[in-house]
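Enquirer: Mind looking over this structure? Questions follow.
The values are calculated or read from the model by the stated rules, or taken from the named source; none is laboratory data. What you see is a predicted model, and the numbers here were worked out from it, not measured in a lab. Glycine also receives a Cβ, built like all others from the backbone with ideal geometry; neighbour counts cover every protein chain displayed.
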Amino acid sequence: MKPNRYRHQLDICMGVVAMVTLGIAAQNFGTPPRTLPAVATGQLARSLAASKPHASHIWRDTSPINSDGTINGYIEIPRHERRKFEFDMKTNARFIDRVMPPDVGGYPVNYGYVPQTVSYDGDPFDILVLGPALPGGTFVRGIAVGVMFMEDEKGLDSKVVVSQRDGNGKPRYQLTSADQKRIGAFFAMYKKHEPGKFSKVPGWGTAAEGLAYVNTTHDFFRQCTTVTGPCVLR
C-alpha cells in the first residue's frame, strides 16, 4: 500500500506545480513586458526614417487613445477579406502583401494596428475590431473588450480586441466565447503554409490587460526612438 500512497502524494505535488506554473504563464501574458527587443528598436528607427518625407503620417502622427478613452484603430484588412493588406511606412498607405490560401480563408475579424505604437516584433501593435466588415484604409474608434494572447516565430504578438460604441457609449459587441474560438482558430493556423513560421494562441485576457498593451506599446514609441539595442521603459 505504501507505493500507492507515495504515488498519490507525488501526483498531488505535481498537480500543484502545474497549477502554479500555469498561473505564472497567464500572469506573464497579461502583464506586457516592459522591454522592447533590439530587433524591434531597430525596426522602429527604420519606420520613423521611412515616414519622415511625409508632413502628415497615418502611423506616426495619429494619437492611439482619444480624450474619451476610445482606442484608434487603422483598418488594414476588413473582415472576410482573403487579401492580406499591410501598411507601408514609406508610401503611407496599404499594399497587398499576399492572398490567403482558400483552405485558410478570409480574416474572421477586422484587423489593423494602433497608431503611435511599436510592438515586440517592431511592427505597430495589432488591433482586432469586432462586428461587420469595415472599410480598409480607414480609422475607427473602439472600446477595449479584451486581448488575444499570441506567439509566433518572432515572439510575443498579442492583439487588443475592441468594439465600436453603441448609442449609449457602451461596446456594441462583446467578445464572446464563440468569437474567441472562431478568431483564435484562425490565428493559430493562418501561417501553416509559410515555411519556418508558426503561431499559437495560448489564451485571452481582459479589457484592462488589452489597454495595458496599448499603453505599453505607445510608451515604446515615445521612449525608444533613439535607443540602440533593447529598450527598457522608465
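Enquirer: K181: surrounded by fewer than 12 Cβ atoms within 10 Å (Cβ to Cβ) and either under 18 Å from the mean Cα position of the chain (by Cα) or under 24 Å from A93 (Cα atoms) (or both), yes or no?
Expert: In short, yes.
Enquirer: Follow-up. Here is a list of conditions, (1) assigned to a loop (DSSP other than H, G, I, E, B); (2) under 28 Å from P195 (Cβ atoms), and M148 meets all of them except one; can you say which number that is?
Expert: Status for M148: all satisfied but (1).
Enquirer: Please specify each residue of segment 86-141 satisfying the condition of being of a type in the set (D, E, K, R), outside any loop (DSSP other than H, G, I, E, B) and surrounded by 18 or more Cβ atoms within 10 Å (Cβ to Cβ).
Expert: The answer is R94, D126.
Enquirer: State whether the residues of segment 48-64 include one that is within 23 Å of Y190 (Cβ to Cβ), outside any helix (DSSP H, G or I) and at pLDDT 95 or above.
Expert: The answer is no; no qualifying residue exists.
Enquirer: Anything in segment 166-178 that is outside any loop (DSSP other than H, G, I, E, B) and among the small types (G, A, S)? List them, or say none.
Expert: Of everything in segment 166-178, those that are outside any loop (DSSP other than H, G, I, E, B) and among the small types (G, A, S) turn out to be S177, A178.
Enquirer: Could you tell me which of the residues K197, K181 is in the same structural domain as N110 (by TED's automatic domain parsing) and in a loop (DSSP other than H, G, I, E, B)?
Expert: The unique qualifying residue is K197.
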